[in-house]
Amino acid sequence: MTGIRAGPVTLGPSGPGGPAVGEREAGEAMAGERMAAYGGPVRVILRMDIVPGREEEFEAVWLEIGRLIAGRPANRGQVLLRSVEEDGSHVYHVLTDWADEASFREFELSAEHVEHRRRLRPLRAGGQMTVNRTVHDLRPAPAG
């Protein structure tokens, strides 16, 4: 399938939806074209640089928001990881799986998610987001 793809999105200090990103450089009008690009499962990977000293607050707010997102029918789960290698301990990665890109994009532009980003904005120093299609998903064989 072909379609317009926005590459990695760099998130400024105000995070996604803030002045550094706005409505993405591609613009909201392109979101519909991107939605049609891929219909299979996607994994969104976010790198989140947190303001030093606010890590515990970030983790608590992320967990509250993550539980809300996990309740959405198209969300297939998410994981918050804290780096042990990058810039000390204030770099996090979020892996979140969605049934398809259209469902993720719909959520990404929703008023609900704009509110989530507003809550996280003061805790963030920057970051990056990529949307990835699943090529292979290998799981361990059941024991026994």
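The values are calculated or read from the model by the stated rules, or taken from the named source; none is laboratory data. All values derive from a computational prediction rather than experimental measurement. Every residue, glycine as well, gets a Cβ built from its backbone with ideal geometry; the counts of neighbours run over all protein chains shown.
ALA20 meets all of the listed conditions (1) of a type in the set (A, V, I, L, M); (2) at pLDDT below 50; (3) more than 18 Å from ALA125 (Cα to Cα); (4) assigned to a loop (DSSP other than H, G, I, E, B) but one, namely (3).
Residues that are more than 15 Å from GLY127 (Cβ to Cβ) and in contact with a Gly (Cβ under 9 Å, 6 or more places away or on another chain) within segment 49-78 comprise ALA70, GLN78, listed in sequence order.
Condition (residue is under 28 Å from GLY53 (Cβ atoms), more than 14 Å from the chain's Cα centre (by Cα) and touching a residue at least 12 places away in the same chain (Cβ under 8 Å)) applied to segment 96-112: is it met by at least one residue? Within segment 96-112 (the criterion being under 28 Å from GLY53 (Cβ atoms), more than 14 Å from the chain's Cα centre (by Cα) and touching a residue at least 12 places away in the same chain (Cβ under 8 Å)), the answer is no, since none of the residues qualifies. When the residues of segment 26-59 are filtered to those that are part of a loop (DSSP other than H, G, I, E, B) and within 23 Å of ASP100 (Cβ to Cβ), which remaining residue is modelled with the highest pLDDT? Among those that are part of a loop (DSSP other than H, G, I, E, B) and within 23 Å of ASP100 (Cβ to Cβ), it is PRO41.
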